[in-house]
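The values are calculated or read from the model by the stated rules, or taken from the named source; none is laboratory data. Just so it is clear, the model here is predicted, and its values are computed rather than measured. As a convention, Cβ positions derive from the backbone with ideal geometry for all residues, glycine included, and neighbour counts pool all protein chains shown. Accessible surface areas use protein heavy atoms only, side chains included; no ligands, DNA or RNA. Shrake-Rupley method; radii C 1.70, N 1.55, O 1.52, S 1.80 Å.
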Amino acid sequence: MTLTLKPLHPVFVAEASGLDLRQPLCADDITALVAAMDRYAVLVFHDQPLSPQEQIRCAEQFGPLNPGLKQIGGQAQRLAEPALIDISNVDADGRPLARDAKKIISGLANQLWHSDSSFQSPAVSYSMLSAVRLPSWGGETEFSDLRAAWDALPERLKRQVESLEAEHFALHSRITILGDSSYTAAQQAALPPVVWPLCRLHPGSGRKSLFAGIHAQRILGMGLAEGRMLLHDLLEYATLPQFRWTHHWRVGDLVIWDNRCTLHRGRAYDLDEPRELRRTTNDEVARTDRAAA
């Protein structure tokens with residue numbers, strides 16, 4: 001089988017076919033998929049209904065798996081596999097949770113533009129999201145290309161931000177924006193803030209990207225208010241319509257994206273209807289390590 005790509009967006013999204021992700025990939029297939037990710041940054045596979053174990057095995061071929069916010073603790077985990085991240089609004093019996101449930105409030109942060117685990121260092125690379133159950137309306141996922149956003153950034157702004165760094169904090173959006181004050185001091189300290197340049201070089205494509213996102217809470221060397229206004233402006237610019245693409249989910253879809261050069265957000269849906277997706281996220285590894293996986 002050979003990886004086949006059909007562009008869905010002229011710049012950064014392609015529909016991928018020709019690989020059965022339920023089976024181990026050979027070295028050539030891994031190399032081809034990585035090259036496709038470097039070219040596009042978002043790949044959409046239809047009709048790949050992966051079991052939890054199959055998704056984990058698939059993702060592990062691209063590096064160690066990152067637990068994300070599970071490191072903070074404080075919430076019961078619905079999925080038996082610790083490597084899987086539960087993107088759902090349902091309880092252990094598969095029924096929609098109450099709207100004021102902690103998991104629902106935390107999950108609303110996924111509707112803000114973000115890059116998975118930008119609050120961690122070393123960096124993460126790919127996320128894989130698999131659709132299991134879907135509501136009757138809404139719940140799409142939007143993506144934005146941070147490389148194209150950087151390329152189109154006015155020269156004045158490029159000069160301003162190219163040497164700046166932003167501090168990213170795991171709970172910034174949940175505490176500051178959503179107003180969830182229930183996180184303990186220990187939970188807040190479990191993932192201390194990390195610093196990333198606002199202009200990052202993508203290791204695969206060699207292109208610069210405008211690394212903005214909702215986890216960024218301040219700019220080093222600037223006053224808090226001034227820095228947050230600049231972060232707001234950059235995030236608004238990075239998600240202009242010309243840099244965006246929307247995925248309308250089908251059960252059995254698997255979407256892979258590169259967190260180092262994209263942002264994404266979920267869209268609103270009826271919280272009284274079940275929506276269940278499963279995510280894995282990879283820690284970034286050296287090219288030689290990945291090729292040998």
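Dividing the mean sequence gap of close Cα pairs (under 8 Å, 6+ apart) by how many residues the stretch 1-148 holds gives a relative contact order of 18 percent.
Tell me the carbon and sulfur percent of the accessible area for the stretch 136-293, rounded to whole percent, probe radius 1.4 Å. Carbon-and-sulfur percentage of accessible area, whole number: 54. Computed per residue of the chain from DSSP H runs no shorter than four, each worth -39500 (n - 2.57), the mean residue ellipticity at 222 nm is -6500 deg cm²/dmol. Note on Met222 and Asp93: the model spin-label points, each 7 Å out from Cα along the C-beta direction, lie 5.0 nm apart.
Is the shape of the stretch 98-247 rounded, prolate or oblate, going by the alpha carbon gyration tensor and its root eigenvalues a ≥ b ≥ c, with a/c under 1.5 for rounded and a/b larger than b/c for prolate?
oblate
A probe of 1.4 angstrom, applied to the heavy atoms of all protein chains, finds Met229 with accessible area near 110 square angstrom. Our estimate of slack between Asp28 and Ala268, defined as 0.36 nm per intervening residue step minus the Cα-Cα distance, is 82.5 nm.
Taking each residue as 0.36 nm, the span from Asp20 to Arg156 lengthens on full extension beyond its C-alpha to C-alpha distance by 44.3 nm. The Cα-based radius of gyration and maximum Cα-Cα distance (Dmax) for the chain are 18.4, 55 Å. With a cut-off of 19 Å, note down the residues of the stretch 230-260 whose backbone N falls inside the zone around a label point 7 Å from the Cα of Lys6 toward its beta carbon. Those under the cut-off are 245-256. The value of relative contact order for the chain, using C-alpha pairs under 8 Å at least six residues apart, is 34 percent.
3J(HN,Hα) couplings calculated from phi for the stretch 222-232 with the Karplus curve 6.51 cos²θ - 1.76 cosθ + 1.60 (θ = phi - 60°) are, in sequence order, 10, x, 4, 5, 5, x, 5, 5, 5, 4, 4 Hz; Gly and Pro show x.
Contact order normalised by length for the stretch 1-76, with contacts defined as Cα pairs under 8 Å and 6 or more residues apart; what percent is it?
31
Which of the lysines could a cross-linker span from Lys208 if the Cα-Cα distance has to be under 16 Å and same-chain partners fewer than 8 positions apart are dropped? Cross-link targets: Lys158.
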